[in-house]
1. About the Cα centre of the protein assembly as shown, what is the dipole size in debye to 20, counting +1 per Lys and Arg Cβ and -1 per Asp and Glu Cβ, all else neutral?
2. Which residue fluctuates most in the GNM of chain A (Cα springs below 10 Å): A:VAL82, A:VAL15, A:VAL198?
3. For n ≥ 4 DSSP H runs only, could you compute -39500 (n - 2.57) per run for chain B, divide by its residues and tell me the 222 nm figure to the nearest 500?
4. Specify the residue with the greatest mean-square fluctuation among B:GLU164, B:GLU238, B:GLU25, computed from a Gaussian network of chain B linking alpha-carbon atoms under 10 Å apart.
5. With runs of 4+ DSSP H residues as the only contributors, calculate the mean residue ellipticity of chain A at 222 nm using -39,500 (n - 2.57) per run, divided by the residue total and rounded to the nearest 500.
6. Along the charge dipole of segment A:36-200, which of A:LEU89, A:VAL197, A:PHE160 sits closest to the positive end, that is, farthest toward it, with unit charges on the beta carbon of Lys, Arg, Asp and Glu (+1, +1, -1, -1)?
7. Classify segment B:37-87 as rounded, prolate or oblate from the Cα gyration tensor: take a ≥ b ≥ c as the square roots of its eigenvalues, call it rounded if a/c is under 1.5, otherwise prolate when a/b beats b/c and oblate if not.
8. Can you give me the C-alpha center-to-center distance between segment B:140-163 and segment B:106-139, rounded to a whole angstrom?
Amino acid sequence: MSATPTRSSSWTVRVREAGVAALPPEKLLPDGQPTYVASWIYVFGVASIASLVVIITSGSILSLKGPAWWHYTGVGHFFNSVHMWSVELFFFVMVVHLWGKYWMAAWRGGRQRVWITGAVTFVIAVPTALTGYVSQQNFDAQWISTQAKDGLNSVGVGAFFNVTDFGQMYSYHVLLLPLAVVGLVTAHLLLVRTHGVVPPFELDRRPALAPPPDGGGAASASAGAGS
Amino acid sequence: MSFLRSKDDTQPWKGRYQPYDLVKEASIAVAVITLLAIVLSVLFSSPDDKPSTIAQWSRELPVNFVTAATQELDGTSGTAEYGPPYNHNGTGQHAWFLRPQKWLGVSHPINTANDFVIDPLKTVPDNPTLQSAVAAYQAAPQQTRKAWGEAYAKPLEEYEKASEEKKPPPSSVTLDSSTGAVSIQASGAGPIPTMMTGLLSLAQSGGLDGSLLTSKQFFQTDYTKPLLFMADGGLLAERAEGQHLLGDQWGMMNETGSYPGQAWLWLYALWYQVEPFKASANVDVLVMLVMGLLSLAFICIPFIPGIRDLPRVIPIHRLIWKEHYRSGGSSR
């Protein structure tokens, strides 16, 4: 890390310094969290990430063998089942996570972008799942695509997003939309680490507290943890 | 714009910290979710009902196939009258002055008479009678074609009506259940009976499935034409009804079998079950607009007075942070 007070002309150095300034390592990967982070509701944030990991892993295995593999092999069908159930778990834990964050009013204290990236992730996850359902190459895919087309066509989306075009839907499902979801989740996590976990309401009603005598101590340097 | 800003009254945490292992927590979460997904997969598997084909449709419901094909030929089917993005035969749905379906235009052009009937029939070899019928149909004036189509469609409509009302079928339509052949007595239908016999035969042999996928290039991934043709018929809907997938059965949020399907679409599917949406000819655009607005509101909750203040008023947070409040809510 550069110790000179003058600003480096290197773009690389500037990006590194800005990154470390925004998220120093102890803030990015904290080993302590405020004592108020003590509820089962906090589990659902990390469970959402864990579900996404299982979705991407099982989906990658299905991608390795191609879209028809799971129809004619037991192993393929098993991984398709894991993929489907991890999607169901993903939506379940994400919805609980969102409700939890709503009742915490987790956008307080300048955390609006944390809420927005989380909410947009949910909204983008819906077409990500839909493109999977219409890429299944079975009766569900036939029925769902011929039904979904009417809603999409009615708002003009069907002009460039054709749910009855398997090739286009498969591309969206295995690349474009997962990229968007992973990008949003990454931004969401970095924002959570930057701002820390929203504190309880009681703190709001109190006057600003005097800093602890030791200036907060080593642990207090962390801005909170959990998701 | 100050009303958009919620009161920023959180204080930086000056209280105690407890040990926390983020990487360990994430690893345990991945292990637990993986285990859960595997257990659910072993116990319940996943649905995989075979897709329908046009060959299957034409063999199982030959009269329904001929009825749909006749509507494609005379331009009265759902796809033929759909409008954008498939053709200009309808304006599509609208909400007030908003006509996005029309504005975005025809991006996947489909002429149902040519694409679903005439062009596939032209690929049938060694059948001069059939090719003469196709040539005669194409050479006839539009008014004559329309009269032929109406004459041929009439007994088929009577057959469909009798089927719906569980009455005996009219004698003008006979079905040989052993061969799947359909005979329709329709005077004044011109070459259409010959064309429909040829198309039914092509479909039952499996040739129409391939014909509708044929395009300029060898490789093909676009199933728009066969899917739209099948959706105009009754086989997909019949299977869907048996699997509780119709629109008034909460539609595509369900899945075949007893699987949860896309349960997250419950709010989208809800609007289709209630008035005024349910009876509206513009139900799709209205539901999409409502869901678009609700999604936007969901994203913008931190800026919506009232909605953003509810968590402060309804003390569910006391359950979430009960340990914190039990210990006096101290920040030290």
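1. 2640 debye
2. Fluctuation is largest for A:VAL15.
3. -14000 deg cm²/dmol
4. In this elastic network of chain B, the residue with the biggest mean-square fluctuation among B:GLU164, B:GLU238, B:GLU25 is B:GLU25.
5. -20000 deg cm²/dmol
6. A:VAL197
7. Working: a/c = 5.97, a/b = 2.08, b/c = 2.88.
In terms of gyration-tensor shape, oblate.
8. Here the answer is 18 Å between Cα centres.
Every number in this text was worked out from the coordinates using simple rules, so none of it is lab data. Predicted, not measured: the structure shown is a model, and the values here were computed from it. Reconstructed Cβ throughout: ideal geometry from the backbone, glycine too, with neighbour counts over all protein chains shown.
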